[in-house]
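The structure that follows is given in the form of C-alpha cells.
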Amino acid sequence: MVAAADAQNYAQKLGITADMAVQELGWDEDTDDDLRAAVEDTIGGELLDEDSDEVIDVVLLWWRDEDGDLVDALMDAIGPLADDGFVWVLTPKTGQPGHVEPSEIAESAPTAGLTQTSAANLGDWSGSRLVQPKSRPANKR
C-alpha cells in the first residue's frame, strides 16, 4: 500500500491534475511504471505519444546521458505545448545508469527557450520542471 501511495504522490509532485493532456517522450524499458501509472490514474486516460496532434499541457521527457542532444529534444517537446504548459525532464538519479548532470539541464533549458522552476525526487528518477517564459503582449498601434 505504501508504494501505491508514493506513486499517487508522483502525479501531485509533478503538478498533474485530472483531464490534463500529458505527452510522454523517451519511454524505454527503464522508465518508472509506477510513476506512469500514477499519472494515467490522475488524468483518467493514457499518456500521449510523440505522434499526438493534441495541444499538450505537460510533457514527461525521460532523458538519459546517452540520449543525444537535450536542446533538440526540448525544442521538439515544446512544439505542441500549451502556452501555460510545462515540461518535466526525468533523469536517472546520481549513481544510476544514464545519470544526467543537473548542469546539463540548467544549460540546455535557456537555449531551448525554457526556464527551470523546480525539481522533484521521484524514486530512482529526478525531475526538473521547465516552463516557457510568459510573453508580454505586443504594443499595438
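Can you tell me how many residues in region 78-92 are in a loop (DSSP other than H, G, I, E, B) and open to solvent by 60 Å² or more (accessible area, probe 1.4 Å)?
Applying the first criterion (in a loop (DSSP other than H, G, I, E, B)) to region 78-92 yields 79-80.
Within this subset, residues satisfying the condition of being open to solvent by 60 Å² or more (accessible area, probe 1.4 Å) are 79.
Within region 78-92, residues that are in a loop (DSSP other than H, G, I, E, B) and open to solvent by 60 Å² or more (accessible area, probe 1.4 Å) number 1.
List every residue pair whose Cβ atoms lie under 7 Å apart, where the two residues are 6 or more positions apart in sequence or sit on different chains, the first residue falls within region 88-115 and is in contact (Cβ under 8 Å) with a residue 40 or more places away in the chain, and the second residue, located anywhere, is of a type in the set (Asp, Glu) and open to solvent by 50 Å² or more (accessible area, probe 1.4 Å).
Pairs that qualify, where the first residue is in contact (Cβ under 8 Å) with a residue 40 or more places away in the chain and the partner is of a type in the set (Asp, Glu) and open to solvent by 50 Å² or more (accessible area, probe 1.4 Å), are Pro92/Asp124; Gly98/Asp65; Gly98/Glu66.
Follow-up question, since we're still on this one. Among the residues of region 27-68, how many are part of a helix (DSSP H, G or I) and of a type outside the set (A, V, I, L, M)? Full working, then the answer.
Kept after step one, since they are part of a helix (DSSP H, G or I), are these residues of region 27-68: 33-43, 65-67.
Going one step further and asking which of them are of a type outside the set (A, V, I, L, M), we end up with 33-34, 36, 40-42, 65-67.
Matching residues across region 27-68 total 9.
Given the condition surrounded by 18 or more Cβ atoms within 10 Å (Cβ to Cβ), more than 14 Å from the chain's Cα centre (by Cα), under 21 Å from Tyr10 (Cβ atoms) and polar (S, T, N, Q), answer yes or no: does some residue in region 93-115 qualify?
no
Now for a different question. Out of (1) more than 19 Å from Gln23 (Cα to Cα); (2) in contact with a Gly (Cβ under 8 Å, 6 or more places away or on another chain), the odd one out for Ile56 is which?
Here Ile56 meets the rest and fails (1).
If Asp76 satisfies all but one of (1) in contact with a helix residue (DSSP H, G or I) (Cβ under 9 Å, 6 or more places away or on another chain); (2) on the phi < 0 side of the Ramachandran plot, what's the number of the condition it fails?
In the conditions (1) in contact with a helix residue (DSSP H, G or I) (Cβ under 9 Å, 6 or more places away or on another chain); (2) on the phi < 0 side of the Ramachandran plot, Asp76 misses (1) alone.
Out of all the residues in region 48-77, which are of a type in the set (A, V, I, L, M, F, W, C), touching a strand residue (DSSP E or B) at 6+ places or on another chain (Cβ under 7 Å) and open to solvent by 10 Å² or more (accessible area, probe 1.4 Å)? Quick ask: steps written out before the conclusion?
Quick first cut of region 48-77, residues of a type in the set (A, V, I, L, M, F, W, C) only: 48, 55-56, 58-63, 70-71, 73-75, 77.
Of the ones still in play, those that are also touching a strand residue (DSSP E or B) at 6+ places or on another chain (Cβ under 7 Å) are 48, 55-56, 58-63, 73-74, 77.
Correct list: Leu48, Val55, Trp63, Ala73.
Any chance you could count how many residues in region 33-47 are buried (at least 18 other Cβ atoms within 10 Å of the Cβ) and over 13 Å from the mean Cα position of the chain (by Cα)?
Of the residues in region 33-47, 3 are buried (at least 18 other Cβ atoms within 10 Å of the Cβ) and over 13 Å from the mean Cα position of the chain (by Cα).
Only one of (1) farther than 21 Å from Asn9 by Cα; (2) open to solvent by 80 Å² or more (accessible area, probe 1.4 Å) fails for Trp27. Which number is that?
(1)
The values are calculated or read from the model by the stated rules, or taken from the named source; none is laboratory data. The shown structure was predicted, so the numbers you read here are calculated from the model rather than taken from an experiment. Every residue, glycine as well, gets a Cβ built from its backbone with ideal geometry; the counts of neighbours run over all protein chains shown. Accessible surface areas use protein heavy atoms only, side chains included; no ligands, DNA or RNA. Shrake-Rupley method; radii C 1.70, N 1.55, O 1.52, S 1.80 Å.
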